[in-house]
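The values are calculated or read from the model by the stated rules, or taken from the named source; none is laboratory data. In this text, all values refer to a predicted model and were calculated from it rather than measured experimentally. When we count neighbours, we look across all protein chains shown, and the Cβ atoms used for this are built from the backbone with ideal geometry, even at glycine.
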Amino acid sequence: MDKLYLRKARIGDVKSIHGILMNCSRQDLLLPRSYSDLYSHLRDYFVVCDDPGNNIMGCCALSIVWDNLAEIRSLAIVSSIRHMGWGGRLVEACLSEALTLGIYRVFTLTYQTEFFARQGFREISKDMLPQKVWADCLNCPKFPDCDEIAMLMEM
C-alpha cells in the first residue's frame, strides 16, 4: 500500500467520500449523507488518502453547531486500513481545528462509543445538547427514534 496522509477535502473527493459513507451506512456504522450535504459542508471534512492523493481511504468532519460547540461527524475508514490509527488521526485533526477556531466543546452522536471514549470523549445525555443540534435530525431516517449515543469532549 502506498504511503497515506491526511489533508482537507477537495471538491474532487466528494464522490469517494459519499461512497465510503454509504458503505459504512449499510453496515450500520453511521448515518448516510447526501451529495448535497457533502457539497455544502465540504470545508468541514478531512480525508485520508494515498500518496498521489486520488484514492480516498477515510473521512471525518467538524461541523460548527453553536457558540463554543462543534460536532464530529461522518467518521468513516475503509476496511483495509481500519485499526491502523487513521480514525484517531482524523478525530485529532478535527479537534485541532476546533481549538484553532476557539471551540472547546466537541460532541459526537455515535454507535462507536468505545472508540470515542479512547479519544477522550465521555457519554452524556442528549438533553445536555442545545436544540440547535437536532435540526439535522428532522432529515434523518431514524427520526424521532434516534439510537445514537451522545458523547462530549471538553478541552
Condition first: surrounded by fewer than 18 Cβ atoms within 10 Å (Cβ to Cβ) and either assigned to a helix (DSSP H, G or I) or of a type in the set (A, V, I, L, M, F, W, C) (or both). Now tell me which residues in segment 1-13 satisfy that.
Met1, Leu4, Leu6, Ile11, Gly12
If you go through segment 41-62 one residue at a time, do you hit one that is assigned to a helix (DSSP H, G or I), modelled with pLDDT of 95 or more, over 17 Å from Glu154 (Cα atoms) and among the hydrophobic types (A, V, I, L, M, F, W, C)?
yes
Picking from Leu29, Leu95, which residue would you name as being crowded, with 16+ Cβ neighbours inside 10 Å and either modelled with pLDDT of 95 or more or over 14 Å from Ala150 (Cβ atoms) (or both)?
Leu95
Looking at segment 1-53 only, could you name the residues that are over 13 Å from the mean Cα position of the chain (by Cα) and β-branched (Val, Ile, Thr)?
Ile11, Val14
Filtering segment 52-86 down to residues that are out of contact with any Gly (no Cβ under 9 Å at 6 or more places or on another chain) and of a type in the set (Val, Ile, Thr), which residue is surrounded by the most Cβ atoms within 10 Å (Cβ to Cβ)?
Ile72
Which residue is surrounded by the most Cβ atoms within 10 Å (Cβ to Cβ), if the candidates are limited to segment 32-46 and must be of a type outside the set (S, T, N, Q) and more than 21 Å from Ala98 (Cβ to Cβ)?
Pro32
